[in-house]
Amino acid sequence: MADECTYDIYFYKFRGRAEPIRLLLEYVGAKYKNLHPIDWPSDFKSKIPFGNLPVIVEKDNKGNEFRLVNPQTIIRYIANKYKLSGSNLHETALMDTVGHSYIEAYEQFIKAWSQPNPIKKELLEKYFTNELAQFIQYHEGFLSDNKCQNFYFGEKMSYVDILCFHFMDRLLEVRRDVFVPAKCPHLWNIYENVRKNPKIQDYLFSPRRLPLSLNDRQTGRTC
């Protein structure tokens, strides 16, 4: 599935917002490197598009480079390039709508998770009780109404399924009861199908996978 391009991912030394990008590249078999602040050239920060991370730099075999910023933009670019998006305009638009809901829900979680205690505990409880409960209800309804079985769209894994796995996997690290098969059978089925994919399995248990959360000495960030 992969071509001869390689990728450099510029982000901090933990999974965070760059993890769905890594999962996608692992699934398509693309070669990539994680580059952390200590690895960056001295002038790199001044060249970051719009000053945001993660940044991905695609390099082809002719030495050409293509630089992208913003997780959602990067994810959709990889999905379109490696045929993990919709089969037509309508399906792609619907897929992007579902994908955006995962990005948005993850950002809401990170906003609560990044707060100091005791505010953090209060905001997380509110998030799990309100926002996440509504999110699960919507997605379970969507999957049920569209008679989705193994994946969101047909029998082929798409980038949305990988976003689903990443989101659920991250929240399950915080609370094991937020997703259970009895309450969200369709979502759980997708989560398990992605998790059991041989390429994803290999990555999950490999040293290539970065720590879940880490205090970065340069930024003090965790996520």
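One table, with the values for the structure above:
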quantity: Farthest positive-ward along the range 4-137 dipole, Cα basis, beta-carbon charges - from F44, H90, N61; calculated: F44
quantity: Ellipticity estimate at 222 nm from DSSP helix runs (n ≥ 4, -39,500 (n - 2.57)) divided over the chain, nearest 500; calculated: -14500 deg cm²/dmol
quantity: Cα shape, the chain, gyration tensor, a/c 1.5 rule; calculated: oblate
quantity: Restricting the range 1-109 to GluC sites (Glu not before Pro) in coil, as DSSP defines it, with at most 11 other Cβ within 10 Å; calculated: E4
quantity: Computed magnitude of the charge dipole of the chain (debye, nearest 20; Cβ of K, R +1, Cβ of D, E -1); calculated: 560
quantity: Prolate/oblate/rounded call for the range 138-182, Cα gyration tensor, a/c under 1.5 rounded; calculated: oblate
quantity: Long-range lysine pairs (8 or more apart or interchain), the range 89-196, Cα under 16 Å; calculated: 5
quantity: Rounded to 5, the percent of DSSP beta bridges in the chain classed as antiparallel; calculated: 65
quantity: Distance between modelled label sites at K111 and N88, nm, 7 Å Cα→Cβ extension; calculated: 3.6
quantity: Given charges at beta-carbon only (K, R positive; D, E negative), |dipole| of the range 89-196 in Debye; calculated: 360
quantity: Spatial separation of Cα centroids for the range 153-168 and the range 97-139, in angstrom; calculated: 19
quantity: Cα→Cβ-extended label distance, 7 Å offset, between K33 and K81, nm; calculated: 1.6
quantity: Label-point separation in nm, T97 to A182, each point 7 Å along Cα→Cβ; calculated: 3.3
quantity: Shape category assigned to the range 58-144 from the gyration tensor of Cα positions, a/c cut at 1.5; calculated: oblate
quantity: Relative contact order %, the range 124-223, counting alpha carbon pairs below 8 Å whose residues are six or more apart; calculated: 23
quantity: For the range 3-17 versus the range 58-80, the gap between their alpha-carbon centres in whole angstrom; calculated: 10
quantity: Förster-model FRET efficiency, 35 Å R0, F142 and C5, C-beta, rounded to 0.05; calculated: 0.60
quantity: All aspartates and glutamates inside 16 Å of K199 as judged from Cα atoms, apart from same-chain residues fewer than 8 positions distant; calculated: E19, E26, D161
quantity: Extension gain from A133 to K199, taking 0.36 nm per residue of separation minus the Cα-Cα distance; calculated: 20.7 nm
quantity: Relative contact order of the chain, pairs being alpha-carbon contacts under 8 Å that are 6 or more residues apart, as %; calculated: 23
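Readers should treat all values here as calculations from the given coordinates under stated rules, not as data from a laboratory. Only a predicted model underlies this, so the values are computations on that prediction, with no experimental measurement involved. Cβ atoms come from the backbone with ideal geometry, glycine included; neighbour counts cover every protein chain shown.
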